[in-house]
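Visitor: Once you've had a glance at the structure underneath, I'll fire off some questions.
The values are calculated or read from the model by the stated rules, or taken from the named source; none is laboratory data. What you are looking at is a predicted structure, and each value in this text was computed from that prediction instead of being measured. We place every Cβ from the backbone using ideal geometry, glycine too, and count neighbours over all the protein chains shown. All accessible areas refer to the heavy atoms of the entire protein, side chains included, with ligands and DNA or RNA removed. Shrake-Rupley method; radii C 1.70, N 1.55, O 1.52, S 1.80 Å.
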Amino acid sequence: MSRVDLQIEPTLRSRLPTVGPLGEVAFSTVMSDHMLIADYADGAWRSAEISPYGPLALSPAITALHYGVSVIEGLKAHRTARGEIALFRPRDSVRRLNRSAARLAMPSVPEDLLLEGLRALVRLDGAWAPPLDQGALYIRPVLFSTDESLRVKEAERYKLVVLTAPYGAYYPKPLDLLVNERYARAFLGGTGDVKPAGNYAPTLVAEREARRSGFDTTLWLDARERACVEECNALNVFFVIGDVAVTPSLEGTILPGITRDSVITLLEDMGVRVEERRIGIDEVVAAHERGDLRECFGVSTAATLSQVRRIGYRGRELMLPPVEQGRIALQIRERFMAIATGRAPDRRGWLDIVAFETPAASPARPAKAEPVKDAS
Ligand SMILES: *Cc1c(COP(=O)(O)O)cnc(C)c1O
């Protein structure tokens, strides 16, 4: 059992006063004051530090750059009605980071080291979380190799960096999805069910095609037959056909979204029948023709829930009913936000509450080290 001390070096000058109202910040345009950095070498995590956000000095030969030895996570924290900060299902996110890492032969991060680090980071930058119901603090862990090597090989040194970024609550614009049959996002035996950095760059060309054709994003089909619906880019997809909510089952090519899992639970709470199964694009088209395709929506941490307005497939356009009629989507978004902000009871222990003192009540903190038990 080793111990990693989390060092905290707070900024002497917060950038927060230079940022306008946090409820109006667009996603990913502003980073908070601090970042967490932990280093792994010689078989163990060596150090963990929270320091002011800023550039890193890295060798141009690191294998993260050359071979994509890098995995990401994404989670959120909200301000609660009681003024605390609540992380949403952080342990699930840490576990998924470790599954992603294992798939790329990377070392795991001790759960408690990262959880304690996330809590300390959010406590320190709590003032960056938008006010209740006006948005969230997005949290982005990235774990990557810092080995200097031009050989493709398992690395020996890694860095974990965690950034946070506030963004305003917005009513997401309804999405227009274009089915892309030319490319595929994921295949069995590949990495579609985890979050390596390398999953995303190959989708950019499809995203460009979607935008050029007047759509917002891509609806992916399975790589083998281009027959079954898989995901809508970085969102898990749900269809409401008749009275049943259908979402693709997790069979190795779908990212097991934490929002997807939460939404399935909330649908069942609402008494909606949920089917996790394969769903053919032909079935979606047929349901639309019969008038049974009532709703379609994508879910993810960053977006929470985005309703779909239109699906383009082989030159046809499937118009969904107006989003205002999306009874299930609207209720799910409402229920989800009520739990995430502590207004509705958290019966499943999804929230990890971090007490937070407003900066007015606590002036600059002195640097201090908090010991963190390394679980490995
Ligand atoms: C991260 C991600 C999602 C959403 O997962 P959440 O845990 O809900 O944020 C969906 N699809 C892909 C491809 C993703 O990378």
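Visitor: From the residues in segment 88-110 that are in contact (Cβ under 8 Å) with a residue 40 or more places away in the chain and open to solvent by 50 Å² or more (accessible area, probe 1.4 Å), which one is nearest to the ligand (Cβ to nearest atom)?
Guide: Ranking the candidates gives Asp92 first.
Visitor: Could you give every pair whose Cβ atoms fall below 6 Å, whose first residue belongs to segment 333-345 and is of a type in the set (D, E, K, R), and whose second residue is in a helix (DSSP H, G or I), counting only separations of at least 6 or pairs across chains?
Guide: Pairs found: Arg335/Leu266.
Visitor: With respect to Asp222, is the statement that it is open to solvent by less than 30 Å² (accessible area, probe 1.4 Å), touching a residue at least 24 places away in the same chain (Cβ under 8 Å), touching a Lys or Arg at 6+ places or on another chain (Cβ under 6 Å) and charged (D, E, K, R) true?
Guide: no
Visitor: Something else: Of the conditions (1) open to solvent by 10 Å² or more (accessible area, probe 1.4 Å); (2) out of contact with any strand residue (DSSP E or B) (no Cβ under 6 Å at 6 or more places or on another chain), Val274 satisfies every one except a single condition; which number is it?
Guide: For Val274, the failing item is (2).
Visitor: Please determine whether any residue of segment 131-148 is of a type in the set (Gly, Ala, Ser), surrounded by 15 or more Cβ atoms within 10 Å (Cβ to Cβ) and under 20 Å from Arg343 (Cα atoms).
Guide: Yes - at least one qualifying residue is present in segment 131-148.
Visitor: Right, another one. Quick one: Gly242 ticks every box in (1) away from the ligand (no atom under 13 Å from the Cβ); (2) buried (at least 23 other Cβ atoms within 10 Å of the Cβ) bar one, so which box is it?
Guide: All conditions pass for Gly242, except number (2).
Visitor: Could I ask something else about it? In the list Asp222, Asp216, Asp193, which residue meets the criterion of being at pLDDT 95 or above and near the ligand (Cβ under 10 Å from one of its atoms)?
Guide: Asp193
Visitor: Condition test on Leu58, is it touching a residue at least 60 places away in the same chain (Cβ under 8 Å) and either surrounded by 14 or more Cβ atoms within 10 Å (Cβ to Cβ) or farther than 14 Å from Tyr158 by Cβ (or both)?
Guide: Judged against the criteria, Leu58 is not a match.
Visitor: Restricting to segment 313-349, give me the number of residues that are open to solvent by 100 Å² or more (accessible area, probe 1.4 Å) and in contact with a Phe, Trp or Tyr (Cβ under 8 Å, 6 or more places away or on another chain).
Guide: Qualifying residue count for the region: 0.
Visitor: Check Glu49 against each of (1) under 29 Å from Tyr170 (Cβ atoms); (2) acidic (Asp, Glu); (3) open to solvent by 30 Å² or more (accessible area, probe 1.4 Å) and name the one condition it does not meet.
Guide: Here Glu49 clears every test but (1).
Visitor: Let me ask something else. For segment 225-239, enumerate the residues that are in contact with a Lys or Arg (Cβ under 6 Å, 6 or more places away or on another chain) and either near the ligand (Cβ under 8 Å from one of its atoms) or without any contact (Cβ under 8 Å) to a residue 12 or more places away in the chain (or both).
Guide: Asn236
Visitor: Checking the conditions here, which among Gly315, Gly242 is farther than 27 Å from Ser93 by Cα and touching a residue at least 40 places away in the same chain (Cβ under 8 Å)?
Guide: So the residue among Gly315, Gly242 that is farther than 27 Å from Ser93 by Cα and touching a residue at least 40 places away in the same chain (Cβ under 8 Å) is Gly242.
Visitor: Select from segment 245-255 the residues that are within 14 Å of the ligand (Cβ to nearest atom) and either without any contact (Cβ under 8 Å) to a residue 12 or more places away in the chain or touching a Phe, Trp or Tyr at 6+ places or on another chain (Cβ under 8 Å) (or both) and list them in ascending order.
Guide: If the condition is that a residue be within 14 Å of the ligand (Cβ to nearest atom) and either without any contact (Cβ under 8 Å) to a residue 12 or more places away in the chain or touching a Phe, Trp or Tyr at 6+ places or on another chain (Cβ under 8 Å) (or both), then Thr247, Thr253 are the ones that fit.
Visitor: Being within 30 Å of Pro52 (Cβ to Cβ) and modelled with pLDDT under 95 narrows it down to one of Ala340, Ala375, so name that one.
Guide: Every option except Ala375 fails the conditions.
Visitor: Can you find even one residue in segment 238-247 that is among the acidic types (Asp, Glu), part of a strand (DSSP E or B) and modelled with pLDDT of 95 or more?
Guide: The answer is no; no qualifying residue exists.
Visitor: Quick one: Gly168 ticks every box in (1) open to solvent by less than 10 Å² (accessible area, probe 1.4 Å); (2) within 13 Å of the ligand (Cβ to nearest atom) bar one, so which box is it?
Guide: Every condition holds for Gly168 apart from (2).
Per-residue answers, yes or no, for (1) open to solvent by 20 Å² or more (accessible area, probe 1.4 Å); (2) not aliphatic (A, V, I, L, M):
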site: Pro174; (1), (2): yes, yes
site: Lys195; (1), (2): yes, yes
site: Arg211; (1), (2): yes, yes
site: Glu231; (1), (2): no, yes
site: Ala234; (1), (2): yes, no
site: Val237; (1), (2): no, no
site: Gly257; (1), (2): no, yes
site: Ser262; (1), (2): no, yes
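Visitor: Looking at segment 256-346, what strands (runs of 3 or more DSSP E) fall wholly within it and have at least 3 residues that are more than 28 Å from Ser100 (Cα to Cα) and away from the ligand (no atom under 16 Å from the Cβ)?
Guide: Where strands (runs of 3 or more DSSP E) fall fully within segment 256-346 and carry at least 3 residues being more than 28 Å from Ser100 (Cα to Cα) and away from the ligand (no atom under 16 Å from the Cβ), they are 293-300, 304-313, 316-319.
Visitor: Right, Arg13: free of Cβ contacts under 8 Å to residues at least 12 places away in the same chain, open to solvent by 20 Å² or more (accessible area, probe 1.4 Å) and among the basic types (Lys, Arg) or not?
Guide: For Arg13, the condition - free of Cβ contacts under 8 Å to residues at least 12 places away in the same chain, open to solvent by 20 Å² or more (accessible area, probe 1.4 Å) and among the basic types (Lys, Arg) - is met.
Visitor: What tally of residues in segment 66-114 results from selecting those that are acidic (Asp, Glu) and closer than 21 Å to Ala234 by Cα?
Guide: 2
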